[in-house]
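Values quoted throughout were computed directly from the atomic coordinates according to the rules given, and no laboratory measurement underlies them. This structure is a prediction, so every number in the text was calculated from the model and none was measured. Cβ coordinates were reconstructed from backbone atoms using ideal geometry, including for glycine residues, and neighbour counts include every protein chain displayed.
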Amino acid sequence: MPPREAACEPCRKSKLACDHVRPVCTRCLGANRADACEYRISPFKRRRTDLESEPPPTAAATPTIRPYPNPGFQGSLSSAAIFSHISPRHHEPSTAQPEPDSVPAGVSVPAVLDNDDIACRQGTSLIKLLLEEYPLSTLKDLVSFWLAKGISLSHAESLLDSCVDSMDEALNSGQPKDNCMEHLTRNSQSPLLFGPETTFNAYAAQFSGHNARLETLGIFLSAVVRATNDVPFFPTLYKSDEDKFRLRKLATRLSDHALEVCLSLDCLNDLQLAFQYENFIVHTFVDGDQSYSSWRRLGDVIASMLALGYHERVETRSRIPNFLVELRQSAFARIYTDDKEVSIFLGRPPRLSRRFCHFRIPIALDSFEINAITSGTESGGQANEIKIDYRAGCSWAALCALLKEEILELFIEKNREHCVQRASVICAKAEAQWQQLPTHMRYDVSCLNDYRRSPFERDFLISARLDHIHIRFLVRFILLNSLAQPDDEMIQIAHEMLTLVVQAVLARDRLANSGSGLVWKVILYGLPASGIILLAILEQRNPYHFGGLSRAKVLQNLRILVAEIQIGALSHPREPNFALLTRAAQTIENFLDSEERHDHHPNGQISTHHDAAAPGQMGPWASNLNLEAWDFDLGFWENLAEHPFLSNLEFPT
């Protein structure tokens, strides 16, 4: 067989036949491109990147790359862990063993798969479609304006500035080239190198500027979508809700596509996890907190976090700079918290158990550690200097989520006595945590009018207090003999929780999202509290006071919440949580209208509502409200609306 001859470079790239004439082939000679006609020295050998030629980020660091397929974190029961005990017998004792998820630089590894041309073309088309309608410079202005309000991406906050600044170079100043998506994808295949002495700027340089990646674009787009939610009017981009929703839709679609391509590369890293988490948060705004899309994406984020091994002691691993340790701890804390809150909201089992995790919150808040709950002069001095920021909010929410998981376990506890004992212990832990919280982070009634505090700080104080009260609410919820008959303590807790939510709604223009949005506060805290109060009024024994509370004050809070929902202050008809809020407001309003009719009874007396239904009617309804109702937040309103007293009312059309 005659040896194969290589085509010249112009013919090879154009996929045209070459007659192999040297020094210039006939085709290149006829096309007047003799200068470009070159033949490769080793044409039939795969070109490999010389890994050793890449300069390490620091002199002390050894660059590493991930093998393909990417095995991710493998625990003590994995075959890799078993063979790690065998390998030292066949190597010298001094031989350094690589980390389980990486191999030393210079070791030959299989090449990653070629870029998917179809995905790249689709991505480029989406980029051009977005930028044709919404100029890149104006999108950056929107994000800058949003950041100036004191808001940012909760997890990718430290990464966002680098991503925003990289957009001009990544997207050619708003005039993207045909290969821009391919360039971003190729960069996403490169590992992010770091060592113990690597600075944040050196790390960020690997995904910014000319090194911009799909993750860089995705984090920027996440900020764009979030900004459209917090900035209702931005005339250079959108003057109407229609324009705003279109921008949100296009940015989300491109972000989703970038994430799909990222995941297909199987090059999981810290930056991709940050992008994946922020994409999940985006979908809670775009699709709603009840949507399957949001639920599935949270599961995907949990899977990625576990694959990276961030549920283990990340601070004890070698060659990790401090800023990455904090970023990884923050990722675990946020994902763990969201898993518990979404599980409670949807009434589904949590997917991330503390029993298999090393629970650790960001290093900036070591004084909040569970084992430091007991007061001490050393931790107290440090705690008082803690700044109110996203890390503080993340750490406090994670501590509360830890107790909420214990409460969720009580739902399946069969021993009533044991359940009561554990509930008492949880309440004691919650109170100890609250006392451990620095005084400048605790809510007081005057904080909303304290103009020395920023909008972010005011929102933080309300959120921290709501998280604490929510623990008490869930504990009392478990201990109720019947949900249809809440006791006085449950009523008081529900009233305090509803009052805080109403205050947040009224002061919304003076608040900035510190980690949880206003609508999430209403549906996670406000609606369950309202439901308990409605049940308490239906079962009231004293028509003017119940649970030691003023009936007028309680009804006033309910009226305010209903009015704010109905005027559209919390949700737009095209927004995903609108149906849930509207249904709840409708039920509350009909109840309040019935209260007014009873207040103006012809006999001048206020009737109790037990007469509204016969005992046989009340019993079956109440029996459906048992302690197995994890779906209290979702199914409660349909259940409450079917109450015999309310079912006789005419709902407005």
What ranking do Lys140, Lys414 get, fewest neighbouring Cβ atoms within 10 angstrom at the top? Lys414, Lys140
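In what order do Cys262, Cys163 fall by count of nearby beta-carbon atoms within 10 Å, going from fewest to most?
On the way: Cys262 26, Cys163 29.
Neighbour counts put them in this order, fewest first: Cys262, Cys163.
What FRET efficiency would be calculated for the residue pair Leu29, Arg574, taking the C-beta separation as r and a Förster radius of 60 Å, to the nearest 0.05? Let's see the in-between values first.
Numbers: r = 63 Å, r/R0 = 1.05.
The calculated FRET efficiency here is 0.40.
In debye, nearest 20, what is the charge dipole magnitude of segment 407-520 about its Cα centre with +1 on Lys and Arg Cβ and -1 on Asp and Glu Cβ, if you could check?
Numbers: 13 positive and 14 negative charges, 44 e Å.
Result for segment 407-520 is approximately 220 debye, rounded to the nearest 20.
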His418 versus Ala303: modelled label distance in nm, points set 7 Å from Cα along the beta carbon direction: 3.4
What nm value, rounded to one decimal, do you get for the distance between Asp450 and Leu592 when each label is placed 7 Å out toward the C-beta? 3.0
Can you work out the FRET efficiency for the pair Glu409 and Arg186, with r the C-beta to C-beta distance and R0 = 45 Å, to the nearest 0.05? 0.45
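Can you tell me the length gained on complete extension of the stretch Leu129 to Tyr39, counting 0.36 nm per residue apart and subtracting the Cα distance? All intermediate terms of the calculation are to be shown ahead of the outcome.
Working: separation 90, 0.36 × 90 = 32.40 nm, distance 3.97 nm.
Contour length minus the Cα-Cα distance gives 28.4 nm.
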Could you give the nm distance between label points at Arg355 and Leu506, where each point is 7 Å from its Cα heading toward the beta carbon? 4.6
Among Asn172, Leu184, Trp146, pick out the residue whose Cα is farthest towards the positive end of the charge dipole of segment 144-193, where Lys and Arg carry +1 and Asp and Glu carry -1 on C-beta, about the Cα centre. Trp146
Exposure proxy check: Glu215, Glu182 ranked by fewest other beta carbons within 10 Å? Glu182, Glu215
Would you please give the residues with an amide H less than 5 Å from that of Phe234, counting only those at least 5 places away or on a separate chain, with H modeled from the backbone geometry? none
